[in-house]
Amino acid sequence: MASEEPVIAEPHICGPIPVDSSFHSLILMSDGVYKALEEATGSKAPNLDLVSMVTQELIQQSTLTGLAQAVVDKVGRLHHDAFMNQIQKCQKRDDMTVLVRFFSEEITSSMKSPRGAVKKQSSPGL
């Protein structure tokens, strides 16, 4: 029944930003994560809140996939609870994606795979 091609969003890209040895990590998130966290908490600094969540989950999780999923789950729960309790005026939640990349070998080597082997990240160019 479609009469046209599906609509594909064009990403908003800022940069490029050169990555050097002073970079600790990179967290990429969809606007759905930002908006859900902002709506659920009423925070004026959702970016800082997300960094705090990543830091907390870094202690708990053993893989980057687990870390990112735990952060998305936490934001989703916060938004759901605020929506159900009408603590904040929450609207329908958008899709949420979080990607985490660590540049520090110390942090990378501390993350283990589920089987206990050290999980190393390759360093592809950005």
Handout entry: Residue in the stretch 1-30 that is farthest from the chain's Cα centre (by Cα), counting only those that are surrounded by 13 or more Cβ atoms within 10 Å (Cβ to Cβ) and outside any loop (DSSP other than H, G, I, E, B)
Key = S25
Problem - Selection count, the stretch 31-54, where residues are open to solvent by less than 60 Å² (accessible area, probe 1.4 Å) and part of a loop (DSSP other than H, G, I, E, B) - result: 3
Exercise for the section: Give me the pairs, please: first residue somewhere in the stretch 1-13 and farther than 16 Å from D31 by Cβ, second residue anywhere and modelled with pLDDT under 75 and exposed (fewer than 10 other Cβ atoms within 10 Å of the Cβ), beta-carbon distance under 6 Å, and either six or more positions apart or on two chains. Expected result: none
Exercise for the section: Filter the stretch 70-96 down to residues that are open to solvent by less than 70 Å² (accessible area, probe 1.4 Å) and not hydrophobic (A, V, I, L, M, F, W, C) and give me whichever is modelled with the lowest pLDDT. Expected result: Q88
Practice task
Scan the stretch 44-61 for residues that are touching a strand residue (DSSP E or B) at 6+ places or on another chain (Cβ under 7 Å) and not hydrophobic (A, V, I, L, M, F, W, C) and jot them down.
Solution key: none
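The values are calculated or read from the model by the stated rules, or taken from the named source; none is laboratory data. Fair warning: this is a prediction, and the values are worked out from it, not measured in the lab. Counting neighbours? That spans all protein chains shown, and the Cβs are built from the backbone with ideal geometry, glycine included. The accessibility values were calculated without ligands, DNA or RNA, using every heavy atom of the protein model including side chains. Shrake-Rupley method; radii C 1.70, N 1.55, O 1.52, S 1.80 Å.
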